[in-house]
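Let me begin by presenting the structure, written as structure tokens, before commenting on it.
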Amino acid sequence: MADFALELQTELVTLLDNDPTLISLIGSGKIIDAPRRGQRPPFITIKNHEFAPRDAIATSLFDHEVELEFWHARSARQLGFQAAEQVVDLFLNHNFGTSFRAVRQNHRHTKTSIEPRSGWAKTLIGLHITLEPLS
């Protein structure tokens, strides 16, 4: 099942990384697993990706929870909300998978905060998807 998790994550990164609206907000190539030491925002990181069988006995469905963090160097929540809105729209309207199908896609939450030490704005975007293997 880890193969599906990696395939989903790769597809999500590709989807976001090729979106003209997100590129205009944060630049190209800014969807990353983790920032390099000293890297300054803007960028979107994959904070968490958890998956588990929904009901391993009755079905072959797997629930995936993905959390993305959008970081921006200005303490401006508005930009975070704009980026989150675009990410959620892309996620909900994309047909994921070649070796699996998405049974359900949901937006779980959007949370913003300002990091006191750096003054950077952080927007946490929680996404949920239920996958079913095709083979």
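With the charge dipole of the chain set up from +1 on Lys and Arg Cβ and -1 on Asp and Glu Cβ about the Cα centre, the Cα lying farthest toward the positive end among the listed residues Q86, H128, H49 is that of Q86. Counting only alpha carbon atoms, the long axis of helix 77-93 and the longest principal axis of the chain meet at about 20°. For segment 42-96, the list of trypsin sites (Lys or Arg not before Pro) that fall in a loop by DSSP and count at most 10 other C-beta atoms within 10 angstrom is empty.
Please work out the C-alpha center-to-center distance from segment 107-135 to segment 1-73 and express it in whole Å. Each part's Cα centre sits 9 Å from the other's. Were the residues from N48 through D63 laid out at 0.36 nm apart, the gain over their Cα-Cα distance would be 4.0 nm. The distance between label points at D89 and A73 comes to 2.7 nm (points 7 Å beyond Cα on the Cα→Cβ vector).
Counting only alpha carbon atoms, the long axis of helix 2-17 and the longest principal axis of the chain meet at about 40°. A Cβ-based charge dipole, computed about the Cα centre of the chain with Lys and Arg at +1 and Asp and Glu at -1, lands at about 720 debye.
In plain terms, the bigger the Kirkwood radius, the slower the diffusion; for segment 2-133, with that radius from Cα pairs, at 25 °C and 0.890 mPa s, Stokes-Einstein puts D at 160 µm²/s. For the chain, adding -39500 (n - 2.57) for each run of n ≥ 4 DSSP H residues and dividing by the number of residues yields -9500 deg cm²/dmol at 222 nm.
Only the coordinates and a few stated rules stand behind these numbers; no lab work does. Keep in mind that this is a model prediction, so the values were computed, not measured. As a convention, Cβ positions derive from the backbone with ideal geometry for all residues, glycine included, and neighbour counts pool all protein chains shown.
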